1. So for the stretch 168-263, averaging the separation of alpha carbon pairs under 8 Å that are six or more residues apart and normalising by length, what relative contact order in percent results?
2. In the chain, what percentage of the DSSP-assigned beta bridges are antiparallel, given to the nearest 5?
3. Which distance in nm do the two modelled labels at Tyr385 and Glu406 give, with both placed 7 Å along the Cα-to-Cβ direction?
4. Using θ = phi - 60° and the Karplus curve 6.51 cos²θ - 1.76 cosθ + 1.60, what whole-Hz ³J(HN,Hα) does each residue of the stretch 335-347 get, with Gly and Pro shown as x?
5. What ranking, highest mean first, results for peptides 22-31, 383-392 when packing means the other Cβ atoms within 10 Å averaged over each residue?
6. Can you grab the distance from the C-alpha centre of the stretch 111-181 to the C-alpha centre of the stretch 368-387, Å, no decimals?
7. Please give me the summed charge of the neighbours of Glu369: other residues whose Cβ is under 10 Å from its Cβ, Lys and Arg +1, Asp and Glu -1.
8. What residues have an amide H closer than 5 Å to that of Cys98, excluding those fewer than 5 places away on the same chain, when H is modeled at 1.01 Å from N in the peptide plane?
Amino acid sequence: MKYYTYIKENLSDESIIKGRAYPPYLIEYNETFEEPRSIVHEFTVESIDSDERYDIVIKNNGDEIYDATCSCSTFKTTRSCRHVAACLLYYHYPITNCKIRDLYKETSEVLDLFYNPTTKGTIKEKLTLSLNIEFYNNAIKYRLSIGSKKMYVLKAKSKFERFLEAYYDGGDDILGTKLIYNREKYYFDDEDTKIINYLASYEKPGEYYTDPFLLSERDFEFLINNISKEKILINSKRINEIKYDMPSDFELRQDKEDYVLKIHDLENYHFLTNSTKYIFYNHDLYIVPDNYQKLLNALGNRGLNSLIFTKNEIPKFNKGVLKVINNKLKIDEKVREIKKITKPKVKMYLDILKEKLSCEVKLIYSDIEINLLDENSSVQRDDEYEAVVTEDLINAGFTILKSKFEMTDIDVIGYFIENELKNLSEKYEVYTSKKIDKINLIKKTNVTKNFSIGMSGIMSFDFELDN
């Protein structure tokens with residue numbers, strides 16, 4: 001008998017009322033144990049009116065109460081008492097949570113949920129989807145189309161939500177006159193499934209309830225990176241490629257005494273948002289890197305389509321804009337004073353004198369050789385690459401002193417020879433002096449060494465170099 005039914009039909013109203021008011025501190029829950037067909041709960045209840053103690057036994061299986069007894073005289077006479085009522089009411093959950101599990105029965109129930117002897121393998125038809133990404137008034141929206149031969153657009157929020165309900169929960173959704181979607185009849189491939197799941201669960205912008213198809217830039221980039229370009233439309237137009245780059249080159253030419261920098265074919269750029277991050281050009285979608293975006297915004301905010309500067313401003317151009325556009329710059333052959341930034345060849349010369357290990361770094365730009373640490377502005381230098389070279393030497397243990405890098409700590413020098421020298425030689429051209437007191441430079445290709453500290457405390461190194 002169910003718990004509440006048992007109380008109602010087996011206990012008197014007086015017992016129930018008095019049981020609710022019974023002091024819980026007089027009830028002691030002693031033991032619970034299992035019998036073949038039930039769980040047994042044993043209680044000891046102290047009398048309110050005397051020193052008597054009564055034994056209560058309740059038998060159940062989950063919410064089914066089989067029996068409840070008490071050793072008091074009232075129960076023996078009426079088969080009802082406040083002691084049984086108090087135990088059942090105060091210990092409702094501990095009692096009903098105890099259940100004998102029939103694993104065979106429970107397994108059979110699970111099997112029955114899926115058992116259908118009349119069902120045969122169903123051949124499902126594949127559906128595909130496409131996304132039309134629309135850029136309008138600086139907002140990004142999407143329209144989802146589903147179909148096989150003919151595509152049906154889910155234009156309204158209610159239509160999209162009805163499809164999701166059928167997709168996840170089952171049932172029919174009428175997408176069009178010739179397509180009634182049911183997940184038992186149709187399926188999507190893994191790529192389309194991933195997109196549907198994303199569109200169903202992504203965090204909607206605040207304007208969701210006025211326009212449920214809005215996308216943030218993060219969501220837009222997730223979609224275009226996870227769906228085949230054949231399934232994407234940009235403002236209803238097909239795209240060939242998605243590229244993370246500037247759409248076209250910068251062109252630098254000389255006009256009499258001035259220098260003119262312009263973007264090739266800028267007039268055919270289709271900027272999709274005000275941020276200049278997304279550009280549609282020649283049927284390709286460009287996601288423009290931050291450095292180019294900054295320049296495009298600077299031009300756009302001023303209504304410029306080119307930059308004009310004089311010879312006096314070449315150093316400013318070289319130290320600024322040129323670094324941004326170097327990889328996308330074409331320079332007219334008539335321009336002599338401005339060169340593209342090229343990565344220099346690096347040569348490191350190591351020498352040892354007493355306790356010092358010194359390194360002089362030469363950079364070769366075309367045919368011009370300069371010291372890394374010299375403030376030489378006669379050539380267009382690659383500051384970023386030079387910073388990497390400097391960083392490598394400092395991380396190897398060198399410090400900068402005037403025009404050289406030096407190392408004076410014995411332990412650091414020992415570690416450098418043991419580990420860092422090989423690493424530098426794999427990345428740069430490294431030359432070492434064969435003798436301390438002679439400058440006889442040999443190109444290093446393989447280094448073995450003998451490192452020791454002499455009796456006088458002066459370090460001695462003996463390099464063995466293979467050509």
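The values are calculated or read from the model by the stated rules, or taken from the named source; none is laboratory data. Just so we're clear, the structure is a prediction, and the values are computed from it rather than from any experiment. Positions of Cβ are generated from backbone atoms using ideal geometry, with glycine treated the same way; all protein chains shown enter the neighbour counts. Note: areas computed on protein heavy atoms with side chains; ligands, DNA, RNA excluded. Shrake-Rupley method; radii C 1.70, N 1.55, O 1.52, S 1.80 Å.
1. Working: 56 pairs, mean separation 12.1, N = 96.
Across the stretch 168-263, relative contact order equals 13 percent.
2. 85 percent
3. 3.0 nm
4. For the stretch 335-347, the Karplus-derived couplings read 7, 9, 7, 10, 10, 5, 6, 10, 6, x, 7, 10, 10 Hz, x marking Gly and Pro.
5. So the order, starting with the most tightly packed, is 383-392, 22-31.
6. Going from one Cα centre to the other spans 61 Å.
7. Combined, the nearby Lys, Arg, Asp and Glu give +2.
8. Gly62
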